[in-house]
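Colleague: So that we are looking at the same thing, I have put the structure below in C-alpha cells.
The values are calculated or read from the model by the stated rules, or taken from the named source; none is laboratory data. Quick caveat, the model's predicted, so the values are computed rather than measured. Here the Cβ is made from the backbone with ideal geometry for all residues, glycine too, and neighbour counts use every protein chain on show.
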Amino acid sequence: MACTRKILEVIKRKLIPNYGKQRFHTISKTFAEVNQEEASSKETHFGFETVKETEKAEKVYSVFETVASKYDAMNDAMSFGIHRIWKDIFIQRLSPTANTHLLDVAGGTGDIAFRFLKYLNVAGNLSGSVTVCDINNVMLDVGRSRAEKLGINGKQISWLQGDAENLPVDDASFSAYTIAFGIRNVTHIDKVLEEAYRVLRPGGRFMCLEFSQLNNRMLQWMYDQYSFQVIPVMGQLIAGQWKPYQYLVESIRQFPNQEDFKYMVEDAGFRHVSYENLSFGVVAIHSGFKL
C-alpha cells in the first residue's frame with residue numbers, strides 16, 4: 001500500500017502536466033481497485049483453517065458472540081480457576097499508580113478492568129480510570145452487566161466498541177495499555193501493536209497476557225492432549241458449543257512463541273521489552289514501554 005502511494009505521487013508529478021487530471025484520476029482508480037482486489041485475496045489462519053483476511057474478523061466475532069454468556073464459566077472450567085491467578089499477577093506486574101489511565105483492549109467482560117480498579121482501591125483509594133474496548137458488543141454487554149452487579153463506580157470505567165487494529169481513540173491518550181487473551185484472535189498482530197504504541201503517551205506501558213508455549217516437551221505434549229481432547233468436550237457440555245473451543249485451542253498453537261512475539265513488540269517501537277512465563281509457559285506476560 002505504501003509503495004502504491006509512492007508510485008501515484010510520481011505519476012502525479014509526471015503525468016498531470018502532460019495529460020491532465022482526468023488521466024491521473026483514471027490511473028489512481030485502477031491502482032485502488034488493484035489494492036482492494038489484493039486485500040480481498042490475502043489469506044490468514046482461523047485456528048487451523050485457512051480463510052481470507054476479510055473473513056477472519058467476522059468469524060472471530062461470531063465465536064465470541066456465541067460463547068459470551070458462558071465465557072467466564074468456561075474460563076474457570078478450562079483452567080481449573082487458574083486464569084484468575086494469572087490475571088491477578090498480570091495486574092500486579094502492571095502496578096498501576098495514581099492517575100493511571102488504562103485502555104484495556106479485548107476486555108469485554110471486564111476481568112482485567114475490575115482487577116485494575118480493585119488494585120487502585122486496595123493501594124489507597126488511588127485515582128485512575130479504565131476504558132474497556134472490545135470489537136464485540138455482546139461481550140461488552142456482559143461486562144456492563146457484571147459492573148452493575150459489582151457496584152463499580154461508573155465514573156472510573158467506560159465501555160467502547162472498537163477494533164484493536166483501528167482504535168477509535170486519539171493519539172497519546174492513555175498511560176497504560178493491556179490486552180489479555182485477545183491478541184491471538186486478530187487478523188494483523190502488527191497493526192494491533194502499532195495502534196497500542198500510537199494511543200500510549202510517552203512513558204506509557206504496554207502489557208499483554210496471552211497463551212504461549214511450554215518450555216518442556218513432555219509438559220507440552222500433555223498440555224496438547226488436554227487441549228485437543230478435553231477442552232472442546234467441556235465446551236459442548238458447559239456452553240453447548242464445540243467449534244468455538246476447537247478454534248480456541250487451535251488459535252493458541254498458531255500464536256508466535258515468546259521470543260518471536262517479543263521481537264514483534266520491539267518492531268512496533270516499544271523499548272525494554274521483556275516477558276515472564278507463568279505455569280511453565282502455558283501463558284506469558286509481555287511488557288514494553290513507549291519511550
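Colleague: Of the residues that make up the range 132-139, is at least one β-branched (Val, Ile, Thr) and touching a strand residue (DSSP E or B) at 6+ places or on another chain (Cβ under 6 Å)?
Modeller: So far as the range 132-139 goes, yes, one or more of its residues are β-branched (Val, Ile, Thr) and touching a strand residue (DSSP E or B) at 6+ places or on another chain (Cβ under 6 Å).
Colleague: For residue 109, work out the one condition from (1) surrounded by 13 or more Cβ atoms within 10 Å (Cβ to Cβ); (2) more than 21 Å from residue 70 (Cα to Cα); (3) of a type in the set (Ser, Thr, Tyr) it doesn't fulfil.
Modeller: (2)
Colleague: Test residue 249 against the criterion of being part of a helix (DSSP H, G or I), loosely packed, with under 15 Cβ neighbours inside 10 Å, modelled with pLDDT under 95 and not aromatic (Phe, Trp, Tyr), and give yes or no.
Modeller: Details: part of a helix (DSSP H, G or I): yes; loosely packed, with under 15 Cβ neighbours inside 10 Å: no; modelled with pLDDT under 95: yes; not aromatic (Phe, Trp, Tyr): yes.
So residue 249 does not fit the description; no.
Colleague: Could you list, in sequence order, the residues of the range 236-277 that are within 18 Å of residue 93 (Cβ to Cβ) and within 19 Å of the chain's Cα centre (by Cα)?
Modeller: 258, 261, 262, 265, 270, 273, 274, 275, 276, 277
Colleague: Can you tell me which condition residue 263 does not meet? The list is (1) in a helix (DSSP H, G or I); (2) more than 30 Å from residue 197 (Cα to Cα), and all the others hold.
Modeller: Checking residue 263 against (1) in a helix (DSSP H, G or I); (2) more than 30 Å from residue 197 (Cα to Cα), the one that fails is (2).
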